[in-house]
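Chemist: One structure, pasted below without further comment.
Computed from the coordinates by the stated procedures, all read-outs in this text should not be read as laboratory data. As the structure is a computational prediction, the values presented were derived from the model and not from experiment. Cβ placement follows ideal geometry from the backbone for every residue including glycine, while neighbour counts extend to all protein chains displayed.
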Amino acid sequence: MCTTMIVTRGANVDGSMIVTHSDDDELSDQRLIFVPAATHRKDSKRQIMKEDYPFPRMVTDKRGPGYNTPGWPSTKPIGSIPQVKHTYAYFDGNYGIMNEHNLMMGECTNGANYEPEFVSKEQAKKEKRAMRLFYSSELSRIALERCKNARQAVELMGKLIDQYGYYSTGETLLVADQQEAWVFEMCALPDEQYHSAWVAQKVPDGDVFVAANTFRIRVINKDNEDQLFSKHLFPGTKKIGWWRPEEGDLDWLQTVSPGEYAHPYYSLRRIWRIFDRINPDLGLSPWVTDTYTTYYPFSLKPKSKIKLEQIFDLYRDHYEGTEFDLTKGIAAGPYGDPHRFVGPYDGNQNDNSEASGYGAWERAISVYYQGYTFVCQARAADVNIPSVANGILWFAPDVSYTSVFVPFYANSSDLPWSFQNGNTRTFDRESAWWVFDFVANWARLNFQRICNVDIVPLQKKLEARAFDNVAKTDRKILARPDHAVEIATQFGIEHAGEVLENWWHLAELLIAKYSDGYINKPAMDREYAVDIGYPAHWLASTNYYQGPISYRMKP
């Protein structure tokens, strides 16, 4: 249920390669875990874990202290593959994020025609079926453990799918390094010989790519040097009757997927919105003919080169200023709240075949169920930036609109415990996620006022301070390159601590300031609170004007 982007170096104002991702699954495990580099014994095995999202997503002592969660039983692996001698350090979430060599990953889930459960090696042998060990989560982690560049990662993940099989939903992984960016898409096939399929396509330098819960790769051309694909793709889809060569080229999306999630425009509206914001001169329409439209290109060039702050802002979008503006209308309530809660009448958000048909809300880029958002930045070579510190992960816990992007150098040797800790089912003051979640929920008391007056000004101040602090830290690392990892790690811990201290102070301020529907004065101010009331346009939509204003019987 995620939105993910690539901004290539030629599309970025400072030449950085960017990969972004919003993990839109609020009650999953929202921890950002540091997985250290490791050296492994000869003939050892790398365990494969089943995709799992509730806290804790996995419990193991094989991936550093962050995953060795006290009080929980160890996760039982569903299989294993041969381990390599050395694995790289990386940041991990519900999917792999970024490693010490600035290899970056983004993700979104897609509908697929066939979404089977995993099949272990033992099951496969016993039941004479194809083995299905991999989902995108473990694929992305193994690629970050073993690869230094994007093409290497794509080829490795493809080989793993071909050899060990794929299960569950369709998936898109964005894979990039400082030079090159690829889109890698995968699904299962209902055949025991041709069990799985994947395709990959390179994003042209200078372009921006967006995916939002629908496959984005279309026609597969065997002669296209910028495309790679599974050995199972053509014979497998032909055998099961999904693709007929006599009918023309193989269109990946149309061949393996029912299209968008949940309801029409669940995916395509977000793709339109980002493309339209980065290049409004194209005049792209928000309306298309069907779920398999080819109207929106694979990628496009922005009108002008993009800044990091603009990427943050894209993830805070509710279609403001358009006909789909979620801050407007009666559903936004009196205070312009853009959030629309999902109910049982909405059907299964993860399966468009079960859409209820009763109605639907527009699916915005920023939604109440965002668990975290990140922007991976691999900066271009620059005399003012030490090469050992080119990679930065900007991580915003909870809903991006009411959160702060906090920077961590990719070559850090650890992360703050507050970011590696926290169960979304139990309030915890030691967890970074919880303070941002609390503020996001409290803001709904008077959304526009609290955001515009209290949250956004502090958000902008802290993000501006982050840019300044990164520049200062770059200079420190340049001056002391032998201590680069130590300096980078300490910066991440100290800066994150400062952000959380500010955000907890904001949380406590909001509790008192907006208690009982008022704007309450500070503790040392003896003046009475201010009545807020409701805006006239919203009052007009209620029965306020039919209320009792005299003692006479109404006619």
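Chemist: Determine the equivalent ellipsoid of the stretch 374-519 by diagonalising the alpha-carbon gyration tensor, then write out the semi-axes as square roots of 5 times the eigenvalues, largest first, rounded to whole Å. Intermediate values should be presented prior to the final figure.
Modeler: Details: eigenvalues 204, 49, 27 Å².
Each semi-axis is the square root of five times an eigenvalue, giving 32, 16, 12 Å.
Chemist: Let me ask you something else. Out of residues 5 or more away from Ser413 or on other chains, whose amide H comes under 5 Å of its own, with H placed 1.01 Å from N in the peptide plane?
Modeler: Hits under the 5 Å cutoff: Thr489.
Chemist: Continuing with the same structure: For the stretch 244-285, just say rounded, prolate or oblate: build the C-alpha gyration tensor, square-root its eigenvalues into a ≥ b ≥ c, call rounded for a/c under 1.5, and beyond that prolate if a/b exceeds b/c, oblate if not. Before the final figure, lay out each step's value.
Modeler: Values: a/c = 4.13, a/b = 1.78, b/c = 2.31.
Cα axes put the stretch 244-285 in the oblate bin.
Chemist: Under 1.5 on a/c is rounded, so check that first for the stretch 430-494, then, if it is not, pick prolate when a/b is larger than b/c and oblate when it is not; a ≥ b ≥ c are the square roots of the alpha carbon gyration tensor eigenvalues. Don't skip to the end; give the middle numbers.
Modeler: Values: a/c = 7.45, a/b = 2.33, b/c = 3.20.
It comes out oblate by the Cα gyration axes.
Chemist: Please work out how much length the chain gains when fully extended from Ser285 to Thr322, using 0.36 nm per residue of separation minus the C-alpha to C-alpha distance, in nm with one decimal.
Modeler: Numbers: separation 37, 0.36 × 37 = 13.32 nm, distance 1.17 nm.
Taking 0.36 nm per residue and subtracting the Cα distance, the gain is 12.1 nm.
Chemist: Another question about this same structure. Can you give me the angle between helix 150-164 and the longest principal axis of the chain, using Cα atoms only, in degrees from 0 to 90, rounded to the nearest 10?
Modeler: So the helix axis and the longest Cα principal axis differ by about 70 degrees.
Chemist: Could you grab the relative contact order for the stretch 3-354? Cα pairs under 8 Å, six or more apart, rounded to a whole percent.
Modeler: On the way: 739 pairs, mean separation 57.3, N = 352.
Once divided by the residue count of the stretch 3-354, the mean separation gives 16 percent.
Chemist: Moving to a separate point now. May I ask which of Lys125/Lys222; Lys121/Lys148; Lys128/Lys238; Lys42/Lys148; Lys50/Lys159 have a Cα-Cα span longer than 24 Å here? Before the final figure, lay out the partial values.
Modeler: Working: Lys125/Lys222 34 Å; Lys121/Lys148 29 Å; Lys128/Lys238 22 Å; Lys42/Lys148 22 Å; Lys50/Lys159 19 Å.
From Lys125/Lys222; Lys121/Lys148; Lys128/Lys238; Lys42/Lys148; Lys50/Lys159, over 24 Å: Lys125/Lys222; Lys121/Lys148.
Chemist: Please flag any cysteine in the chain that has no other cysteine's Cβ under 4.7 angstrom from its own Cβ.
Modeler: Cys147, Cys187, Cys376, Cys451, each lacking another Cys Cβ under 4.7 Å.
Chemist: What whole number of Å gives the distance from the Cα centroid of the stretch 435-497 to the Cα centroid of the stretch 270-320?
Modeler: Centre-to-centre distance over Cα atoms comes out at 27 Å.
Chemist: So if I take the centroid of the Cα atoms in the stretch 1-47 and the same for the stretch 179-241, what is the distance between those two points in Å?
Modeler: Here the answer is 20 Å between Cα centres.
Chemist: Show me, for the stretch 322-329, the HN-Hα J-couplings you get by feeding each phi into the Karplus relation (A = 6.51, B = -1.76, C = 1.60, θ = phi - 60°), rounded to Hz, glycine and proline as x.
Modeler: Karplus-based 3J(HN,Hα) across the stretch 322-329 equals 10, 5, 9, 3, 7, 7, 10, x Hz.
Chemist: Ok, one more. Helix 268-278 versus the longest principal axis of the chain: what is the Cα-based angle in degrees, 0 to 90, to the nearest 10?
Modeler: Around 80 degrees separate the two axes.
Chemist: Also, quick follow-up: Using helices alone, what [θ] at 222 nm do you get for the chain, with -39,500 (n - 2.57) per DSSP H run of 4 or more residues, divided over all residues and rounded to the nearest 500? If you can, show how the numbers build up before the last one.
Modeler: Values: 12 runs with 136 residues, N = 555.
-7500 deg cm²/dmol, from helical runs alone.
Chemist: Can you work out the Karplus-derived ³J(HN,Hα) for every residue in the stretch 298-315? Use 6.51 cos²θ - 1.76 cosθ + 1.60 with θ = phi - 60°, whole Hz, and x for glycine or proline.
Modeler: After applying 6.51 cos²θ - 1.76 cosθ + 1.60, I find 4, 7, 8, 7, x, 4, 9, 5, 9, 9, 4, 4, 5, 5, 4, 5, 4, 7 Hz.
Chemist: Determine, for Tyr95, Tyr67, the number of other Cβ atoms within 10 Å of each Cβ, and report the residues in order from fewest to most. Kindly include the intermediate steps, with their values, before the conclusion.
Modeler: On the way: Tyr95 25, Tyr67 22.
With the fewest neighbours first, Tyr95, Tyr67 line up as Tyr67, Tyr95.
Chemist: Going by C-beta contacts inside 10 Å, put Met17, Met1 in order with the fewest on the left.
Modeler: Working: Met17 29, Met1 22.
By the 10 Å Cβ count, ascending, the order reads Met1, Met17.
Chemist: Could you please rank Arg465, Arg244, placing first whichever residue has the fewest other Cβ atoms within 10 Å of its Cβ? Before the final figure, lay out each step's value.
Modeler: Working: Arg465 15, Arg244 11.
In order of increasing Cβ crowding within 10 Å: Arg244, Arg465.
Chemist: OK, next. Is the shape of the stretch 59-171 best called rounded, prolate or oblate, per the rule: a/c under 1.5 gives rounded, else a/b larger than b/c gives prolate, else oblate, with a ≥ b ≥ c the square roots of the Cα gyration tensor eigenvalues?
Modeler: Because a/c hits 1.5 or more and a/b fails to exceed b/c, the stretch 59-171 counts as oblate.
Chemist: So what's the angle, to the nearest 10 degrees on a 0 to 90 scale, between helix 484-513 and the longest Cα principal axis of the chain?
Modeler: Between helix and principal axis, roughly 30 degrees.
Chemist: Provide the FRET efficiency to the nearest 0.05 for the Lys85-Lys121 pair, computing r from the beta carbons and using R0 = 22 Å.
Modeler: Once rounded, the FRET efficiency stands at 0.40.
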